1. What percent do you get for the relative contact order of the chain when only Cα pairs under 8 Å and 6+ apart count?
2. Between residue 245 and residue 304, take the C-beta separation as r, use R0 = 25 Å, and let me know the FRET efficiency to the nearest 0.05.
3. How many angstrom lie between the Cα centre of the stretch 18-46 and the Cα centre of the stretch 342-399?
4. For the chain, give the percent of accessible area contributed by carbon and sulfur heavy atoms, probe 1.4 Å, rounded to a whole number.
5. In whole angstrom, note down how far apart the Cα centers of the stretch 235-278 and the stretch 154-220 are.
6. Please build a GNM for the chain, connecting alpha carbons under 10 Å apart, and tell me which residue among 357, 167, 314 fluctuates the most.
7. Of 85, 178, 402, which is farthest towards the positive pole of the chain's charge dipole, taken about the Cα centre with +1 and -1 on the beta-carbons of Lys, Arg and Asp, Glu respectively?
8. By the gyration tensor of its Cα atoms, with a ≥ b ≥ c the square roots of the eigenvalues, what is the shape of the stretch 159-306: rounded for a/c under 1.5, prolate for a/b over b/c, or oblate?
Amino acid sequence: MALNYIWVFFFLIAFGIGLVKLIFFGDTEIFRLMADGTLDSAKSAVMDIALPLVGIMSLWLGIMRIGEKAGAVNFLSRIVGPFFNRLFPEVPKNHPAIGQMMLNFSANLLGLDNAATPLGLKAMSDLQELNQDKETASNSQIMFLVLHASGLTILPIAIIAQRAIFHSKDPTDIFIPCIVATYVATVVGLIVVSIKQKINLFDKVVLSWLLGISVFLGLLIWYFTAFLNKSQISAFSGVFSNMMYLGIPVIFILGGLRKKINVFEAFVEGAKEGFEISIKIMPYLVGLLVAVSLFRTSGALTYLGDGFKWFFSHFNMDTRFVDVLPIAFLRPLSGSGARALMLDNLKIHGPDSFIGHMSSVLYGTADTTFYIVALYFGAVNIKKTRYTVPAMLIADFAGIVTAILISYLFFG
C-alpha cells in the first residue's frame, strides 16, 4: 500500500511542477523532457535491467540448485539456524530458505551484487512458499528485505574501483566509514522490525551472534588498519571478493560430485527459473522507474535539495554536507541516478576532497529501497507490503546520518 501512495505521489508532484514551469515560467520544453524520460526509463527497465538479469539469474539459480542437491544450503541452515530461527520464527528449523538468506547476506557483505540479487530472489521465493497470505508480505519476508536492503558490507569493491578510476591518492580510505555506516543501518533496521514483530533481541543466542558479528567487524577493521597499507587493502578486497565469487560455485560443484548427482543437469534445472522470474518483475520495474524518472526530470529532486540547503543555512553549522544530500535523496529511488551524482561529484570536486569522500561513503551506505521492494515483491506477486517501506527508509536514514557524521570525523 505504501508503494502505491508513493508511486501516485511521484506522478502527481511531477505533473504539478511541470504545469507550474509551463504556466509561470514559460518552460515549453518541460513536458517533452518528462515524456522522453519516461520512454527512456521504460526501455531501460527492460533492456538494461530485466533482460541482462536473465543471464545472471540463470547462472546463480542454477548454481543454487546444485548447492541444494549437494546439501550445502541445508548445511548453512544448520549453522545459522539458532540465530535465524529467532529472527524468523515463522520459518521451520533447517528450512532451505535460511541457507538461501545466509548466502544472500554473505554476497552483500563481500560486495558481490551480481550474486546477491539472484540468491535473494530465491530466498524470497522460498519464504513465499511458507506465506499463508500470498498477496501480503509475511513477517519473515519483511525482516529479510529490511536486512538485505540495509546493505551491510565489508568490501565496497565498486566504490573503491570508481575512486581509483578518478585517480584518488587513497581509493580505500572510505573502507572503514562504509563498514560503520552500513552496520548502523543494519542494526537500526533489525531493531525497528524486531519491535514491530515483538522479537526478543535480548535473547542469549541473538545477543551472542550480534556481539560476535560486532567483534568480528571490529577485529577486521583493526587488522586492516594495523597490518595492511592502503594498496594492500585494495588488492586484498579485489582478490578476495572475486575468489569468493568463483569459490562458492566450486564448493557446490565439489559437494555435488561427492553426492554423486548430475551436476550439469541440476544447474540447467535451476537456471530455467531465471527467465521466468525476470519476466515477472518487468512490469514492476517499468512502473517504478518511469515514476522515478518523472520525479527527477521535473526538477522535484533538485527543489528538495535546495529546500534542505535553505533550511540548514539558517543554523550556525557546517553545511558542506548539503551538497551531497541529493545522493541520499536519489539513492532509494535510483541506483544509477545516485551513482551518476556520485561520479559527478568525484569529477568536479575530486575523489580526495571532502565532498568526494562523503559522496563515496553516502553512496555505499543507502540502497535502492523502492527498486528492491518492486523487484523482490514483484517476483513473488506480493501486493500488500505492510510496513516494509517505512522500516527500510528508517534504516536508510540511520545509515545516511551515520555516513555524514563519520565523514566529518574521518575527512572533515
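1. RCO, the chain: 29 percent.
2. After rounding, the FRET efficiency stands at 0.10.
3. Cα centres, the stretch 18-46 to the stretch 342-399: 24 Å.
4. Roughly 68 percent of what the probe reaches on the chain is carbon or sulfur.
5. 26 Å
6. Among 357, 167, 314, the largest mean-square fluctuation in the Gaussian network model of the chain belongs to 314.
7. Sorting the options by dipole projection puts first 85.
8. Rounded.
The values are calculated or read from the model by the stated rules, or taken from the named source; none is laboratory data. Bear in mind that the values here come from a model prediction, so they are computed numbers and not experimental data. Here the Cβ is made from the backbone with ideal geometry for all residues, glycine too, and neighbour counts use every protein chain on show. These area figures cover heavy atoms from the full protein model, side chains too; ligands, DNA and RNA do not enter into them. Shrake-Rupley method; radii C 1.70, N 1.55, O 1.52, S 1.80 Å.
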